[in-house]
Amino acid sequence: MLDPFGEGARRIIEGEFGGVEELLKVIPSYTGLDEVLERIKWLESGEVPEEVLEVDDVRDLLTFYALLGALAFSPYGLEMELVKEASVRLYSLRIEKSGALAEEVHGIERASESEIPRRDRTILERTNYRELSEEEKRRLKLAYKVHLSRFLPLWDGSLKEVYIRGGYAYLTMEDALKLWKRSFERNFERAVNLLYEVRDELPNFYRELYERLGQLAREHFKEKIKKLGNAKAGPLRFDLFPPCVKIALGGVPSGLRNYAITVLLTSFLSYARLCPNPPRRDVRVKDCVESLDVLEKEILPIIIEAGNRCKPPLFEDQPHEIKNIWYHLGFGLTDKPTLEDSGNSTWYFPPNCSKIRANAPELCKPDRDCRNIKNPLTYYLRKLYLESRRGNQGEEQDGSEGAEVTGDE
Ligand code: SF4
């Protein structure tokens with residue numbers, strides 16, 4: 001079995017296709033939407049069809065990366081949850097079936113007999129317990145090891161549960177699998193984040209795939225959707241904003257004001273509130289809302305207050321800047337817009353982190369959640385997603401019903 005984030009997969013993607021972006025361009029000529037969706041559809045029955053389970057390595061890689069390409073259109077949506085759940089279950093099943101991690105992935109290596117003193121092995125693996133079945137002996141065997149530098153960021157259990165020696169944590173198959181899952185989920189998110197940047201260059205195949213995935217996700221998570229309502233747009237969660245947006249909200253000095261308020265804050269707040277997962281880049285406000293109420297009564301006051309906190313206050317100094325705000329919201333240069341005006345100019349999308357760092361480095365003070373993030377909006381979507389996942393897990397622990405969510409971050 002080839003791990004899609006392992007060394008073997010990397011060699012194929014780089015060596016034979018010239019990189020992930022190149023691979024995504026050629027995937028539609030190798031596979032079709034139906035074949036890709038077969039990787040997901042079995043979730044309803046829970047039975048993985050033989051042809052999906054046993055598919056050859058390269059086809060597996062192509063269909064998996066096809067799904068990643070589709071998710072670039074909506075990172076942290078239900079579609080991502082669905083694909084992640086199906087992928088973790090599919091790869092876990094293959095690992096369990098083969099009885100081992102097939103290659104060294106995520107730094108998880110095979111441990112040799114001689115690395116652990118016999119006395120320790122006897123205690124930990126209970127090698128003197130004659131009554132243990134072969135199956136139980138296999139379960140207790142410390143067959144894997146992983147360097148602590150890779151282990152600690154992923155492990156959320158107690159260190160007392162783990163045998164540590166010479167800078168390595170030694171793991172049973174069950175623990176190695178647990179670690180693999182966490183690492184897989186992180187790599188999965190990282191890949192979707194990276195592809196988010198190039199989504200406009202992807203062939204139409206991926207948009208169609210994304211739409212088909214959306215139908216499956218709505219069906220699969222219908223209980224969750226019923227409970228949460230439409231999670232696509234909702235009240236703003238200021239506590240989950242990225243550092244750059246929080247700095248802009250607090251008011252900034254004169255050299256930064258126009259960029260922080262008109263470019264970053266206006267785009268970020270409007271997309272985050274009205275259309276967090278825009279279906280396409282040229283979306284208009286009127287595609288997302290039926291009136292200007294939220295924009296006028298909720299978003300604009302936040303922008304104006306942030307402008308007033310600047311030194312000197314932005315809109316006192318430059319009253320015409322309000323027209324520029326509407327312009328960036330896609331209504332053209334006006335201070336009295338109607339919904340119908342939306343589309344008169346482009347509704348500016350939040351700039352990528354690299355642009356913010358280049359144009360207004362003082363705004364970018366990354367925190368640990370900024371790792372692997374390419375755009376402030378995906379930072380926010382990721383935090384919302386993690387929050388909702390924590391909420392679901394809490395409810396499940398309380399015994400209430402909820403959609404099953406894979407993973408334990
Ligand atoms: S890394 Fe990106 S999201 Fe984080 S503070 Fe910098 S610009 Fe904002």
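The values are calculated or read from the model by the stated rules, or taken from the named source; none is laboratory data. These numbers were taken from a predicted model, which means no experiment stands behind them. Counting neighbours? That spans all protein chains shown, and the Cβs are built from the backbone with ideal geometry, glycine included. Surface accessibility is based on the protein's heavy atoms, side chains included, excluding ligands, DNA and RNA. Shrake-Rupley method; radii C 1.70, N 1.55, O 1.52, S 1.80 Å.
Kindly write out, for segment 3-14 in residue order, the coupling ³J(HN,Hα) from the Karplus curve 6.51 cos²θ - 1.76 cosθ + 1.60 (θ = phi - 60°), rounded to whole Hz, with x marking Gly and Pro.
7, x, 10, x, 4, x, 5, 4, 4, 5, 5, 6
Place +1 on the Cβ of every Lys and Arg and -1 on the Cβ of every Asp and Glu in the chain, take the dipole about the Cα centre, and give the residue among Ile13, Asn204, Val263 whose Cα lies farthest towards its positive end.
Val263
Calculate the length of the line joining the C-alpha centroid of segment 65-92 to that of segment 107-134, in whole Å.
37
Where a Cα-Cα gap under 26 Å defines reach, which lysines qualify for Lys41, not counting those fewer than 8 residues away within the same chain?
Lys25, Lys84, Lys97, Lys178, Lys181, Lys222, Lys224, Lys226, Lys227, Lys232
Could you provide, to the nearest whole Å², the per residue accessible area of the chain with probe 1.4 Å?
49
Straight-line reach only, C-alpha to C-alpha below 22 angstrom: list the lysines that Lys365 could link to, leaving out same-chain residues fewer than 8 apart.
Cross-link targets: Lys246, Lys311, Lys355, Lys374, Lys383.
Counting only Cα atoms, I'd like the Rg/Rh figure for the chain, Kirkwood definition for Rh.
Across the chain, the Cα-based Rg/Rh ratio is 1.03.
Divide by every residue of the chain the summed helix terms, -39500 (n - 2.57) for each DSSP H run of at least 4, and state the resulting mean residue ellipticity at 222 nm, rounded to the nearest 500 deg cm²/dmol.
When only DSSP H runs of four or more count, the value is -15000 deg cm²/dmol.
Run the paramagnetic zone check for Asn204: 7 angstrom along Cα to Cβ, then residues of segment 39-70 with backbone nitrogen under 18 Å.
Zone members listed by number: 70.
Just Ser254, Ser133, Ser345 to compare: in a GNM of the chain, with alpha carbon springs under 10 Å, which one fluctuates most?
Taking springs between Cα atoms under 10 Å, the residue moving most is Ser133.
Give me the percent of the accessible area of the chain that comes from carbon and sulfur atoms, probe 1.4 Å, all protein chains in place.
Result for the chain: 49 percent of the exposed heavy-atom area is carbon or sulfur.
Please determine, in degrees from 0 to 90 and to the nearest 10, the orientation of helix 376-397 with respect to the longest principal axis defined by the Cα atoms of the chain, where the helix direction is its Cα long axis.
It is inclined by approximately 50 degrees.
Cα axis of helix 20-30 to longest principal axis of the chain: angle in degrees, 0 to 90, nearest 10?
So the inclination is approximately 80 degrees.
Can you list the residues, at least 5 places off or on another chain, whose amide H is less than 5 Å from the amide H of Tyr144, using H built in the peptide plane?
Ala111, Leu171
Check cross-link reach from Lys336 to the lysines: straight Cα distance under 23 Å, and skip same-chain residues fewer than eight apart.
Lys286, Lys297, Lys323
For segment 57-189, what does the alpha-carbon gyration tensor say about shape, rounded, prolate or oblate, given a ≥ b ≥ c as the root eigenvalues, a/c under 1.5 as rounded, and a/b over b/c as prolate?
Here segment 57-189 falls in the prolate category.
Taking 0.36 nm per intervening residue step and subtracting the Cα-Cα distance, what contour gain separates Glu21 from Asn128 on full extension?
That works out to 33.1 nm of additional length.
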